[in-house]
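Below is one structure, written out as structure tokens, with a few remarks after it.
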């Protein structure tokens with residue numbers, strides 16, 4: 001198994017990436033491929049074993065007008081990393097780079113998996129009983145019912161194969177739990193999910209997602225992105241407010257110090273670094289996109305997630321799920 | 001000024017409503033009108049002054065197939081309360097009843113304000129620096145750009161007139177801050193907001209909303225509803241998790257007790273009871289819809305909000321804003 005790590009993805013690149021690569025080199029036997037500027041990276045790696053450097057001196061820069069043709073050729077670290085996958089030299093890419101960029105380059109270099117209408121970006125939300133795979137969270141602002149059905153299929157496979165959830169409960173994000181609630185997209189998607197082989201539990205709202213009643217929550221990339229960023233912002237609002245209020249008096253300061261272990265547990269739950277990255281599902285290759293703010297811990301978690309996905313044969317399972325759904329349809 | 005309170009709206013009706021009415025009768029000089037079952041309510045009110053009972057023995061029951069014609073005639077407490085407004089006998093209605101019901105009955109009995117394409121339901125999110133008016137949060141699952149422009153106008157008037165925000169900053173909820181990000185609806189709405197007389201600050205995400213960078217956040221009713229319920233669920237998840245973790249050891253238990261004042265301050269921020277209700281904006285009459293779980297405190301807050309809105313002449317300000325926008329267009 002060979003994982004590729006984009007050394008130039010995170011906001012603080014390449015320090016977090018090098019830190020993650022060094023940890024991987026200590027903990028795993030197989031080589032990790034680090035893609036980036038060789039001149040910068042080589043001195044940082046010292047005598048570390050199991051790290052193979054592949055040179056790419058460009059960094060993906062966000063631009064609105066990059067065409068598919070250009071994305072097929074760009075020599076940045078993300079593109080070079082994906083080429084290693086499409087050439088069969090590596091099994092999965094981890095990057096903390098731009099999501100839209102990863103999607104665009106992924107579509108240009110790896111191409112869509114056969115039968116997949118649109119690839120989706122997923123994220124794991126913490127819940128009262130574990131995690132919920134939420135997708136799409138931003139790859140596709142406009143969706144059709146068939147896309148959402150495929151997102152549900154792919155999310156279900158991911159939950160089952162990588163997260164180990166048996167017969168994952170799939171919910172459709174809506175503005176009401178009752179069947180019949182929703183915008184046009186939701187109303188048209190509902191019967192498709194109902195008729196599918198999935199363990200569809202109906203419409204879900206925030207309380208089902210965070211309450212642990214669904215293992216997979218499907219939505220369009222616009223709504224999913226608003227939900228994800230809103231949730232992150234609420235969590236920050238609450239923890240910031242508590243921190244401020246804790247400083248208000250000696251009594252609460254002492255209380256806060258004593259209660260610190262409880263806050264640390266909460267932080268673990270909320271910490272995206274525990275999970276590390278979200279897979280782009282539906283490409284001919286595994287791509288995990290982490291937060292731009294990822295640190296070494298987050299990126300190492302992402303590498304572990306990528307390893308686990310390769311180990312269980314996620315790509316093949318996704319292919320089979322999409323193919324058998326297409327046979328039924 | 002006369003406020004009507006629907007006595008049969010909340011999940012626990014009529015106890016919370018009676019409690020709120022009694023508090024209003026003590027604190028305000030004008031009479032409050034309580035609509036509901038006279039036989040049930042009269043004994044609960046005792047010798048309270050300034051409460052006028054109007055009889056309505058039916059309670060709004062959620063049903064998918066209530067037609068506009070039926071809503072025009074129903075004798076439930078919500079409908080009777082709205083009739084008092086349309087007859088000029090009262091200035092605003094407060095109800096903790098079903099939102100869709102309030103909207104349906106409001107459209108049938110009060111009608112849309114002249115020029116308003118769709119009425120919107122708003123909510124106040126707590127932010128780092130106060131509140132943000134978010135609308136629509138569920139009245140319209142499918143929206144057009146012109147609806148969102150009107151929501152922005154009405155939300156801005158509400159923030160300025162009732163909440164006292166000068167020149168409210170209006171944001172458009174999107175999956176990215178950059179102009180050009182968004183689904184089709186957002187992309188088409190952006191130039192309308194830009195060309196308007198509003199203080200439009202561009203696209204906003206969760207961090208701008210909860211960070212206090214926007215006073216009004218505009219979105220379609222589907223996305224707004226998902227965002228609102230998601231945010232509530234995250235807040236509950238975090239506080240539940242903290243409560244559980246605080247019980248894990250004697251140390252954290254003591255810490256939690258000492259830190260209690262800090263938690264109480266946070267609870268005030270998050271407590272919808274502090275605000276009480278969200279206005280339906282765009283009807284010929286003021287209707288405030290509270291949570292079904294509202295207690296007496298929440299409903300009393302809602303009455304205060306309704307009073308403030310009447311006092312500043314919210315309805316006229318909304319009419320003027322819509323009219324002058326239509327003249328420009």
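Derivation of every value follows stated rules applied to the coordinates shown; laboratory data play no part. Nothing here was measured: the structure is a model prediction, and the numbers come from that model. In this analysis, Cβ positions are derived from the backbone assuming ideal geometry, glycine residues included, and neighbour counts consider all displayed protein chains.
A few points about this structure:
- Based on C-alpha pairs under 8 angstrom that are at least 6 apart in sequence, chain B has a relative contact order of 23 percent.
- Computed on the Cα trace of segment B:227-283, the radius of gyration divided by the Kirkwood hydrodynamic radius gives Rg/Rh = 1.15.
- Per-selection metrics, segment A:20-168 (Cα): Rg and Dmax in Å: 17.5, 52
- Taken residue by residue and averaged, Cβ atoms of other chains lying within 10 Å of the Cβ of B:214-223 number 3.
- Cα gyration tensor, segment A:120-246 - rounded (a/c under 1.5), prolate or oblate: prolate
- Each 20 Å bin from zero up to the one holding the largest Cα-Cα distance in the protein assembly as shown carries the following percent of pairs: 18, 46, 29, 6, 0.
- At 7 Å out from Cα toward Cβ: residue B:86 inter-copy label distances (nm, ascending): 6.3
- Estimated distance in nm for a label pair at residue B:195 and residue B:57, the labels positioned 7 Å out from Cα along Cα-to-Cβ: 5.6 nm
- Globularity index of segment B:160-223, i.e. its alpha-carbon radius of gyration over 2.2 N^0.38 Å: 1.07
- FRET efficiency estimate (nearest 0.05) - Cβ-Cβ, residue A:144 to residue A:324, R0 22 angstrom: 0.60
- In this structure, residue A:87 and residue A:311 have a Cβ-Cβ separation that, at R0 = 30 Å, corresponds to a calculated FRET efficiency of about 0.90.
- Peptides B:315-326, A:12-23 ranked from most to least packed give A:12-23, B:315-326, packing being the mean of other C-beta atoms within 10 angstrom over each peptide's residues.
- Calculated [θ] (222 nm, deg cm²/dmol) that DSSP helices of n ≥ 4 give over chain B, each run adding -39,500 (n - 2.57): -15000 deg cm²/dmol
- Label-to-label distances for residue B:129 across copies, nearest first, come out at 4.3 nm, using points 7 Å from Cα in the beta-carbon direction.
- Three-way shape label, chain A, alpha-carbon gyration tensor, a/c 1.5: oblate
- Gap separating the Cα centres of segment A:287-319 and segment A:191-240, nearest whole Å: 21 Å
- Average beta carbon contacts from partner chains per residue of B:262-270, 10 Å cutoff: 5
- Packing-based order for B:149-161, B:244-256, A:118-130, using average beta carbon neighbours within 10 Å, highest first: B:149-161, A:118-130, B:244-256
- Shape call, segment A:188-231: gyration tensor on alpha carbons, a/c limit 1.5: oblate
- Shortest-first distances to equivalent copies, position residue B:194, nm, label 7 Å out along Cβ: 4.2
- For residues of A:176-189, the mean tally of beta carbons on other chains within 10 Å: 3
- Efficiency of FRET from Cβ geometry, residue A:247 and residue B:49, R₀ 51 Å, rounded to 0.05: 0.65
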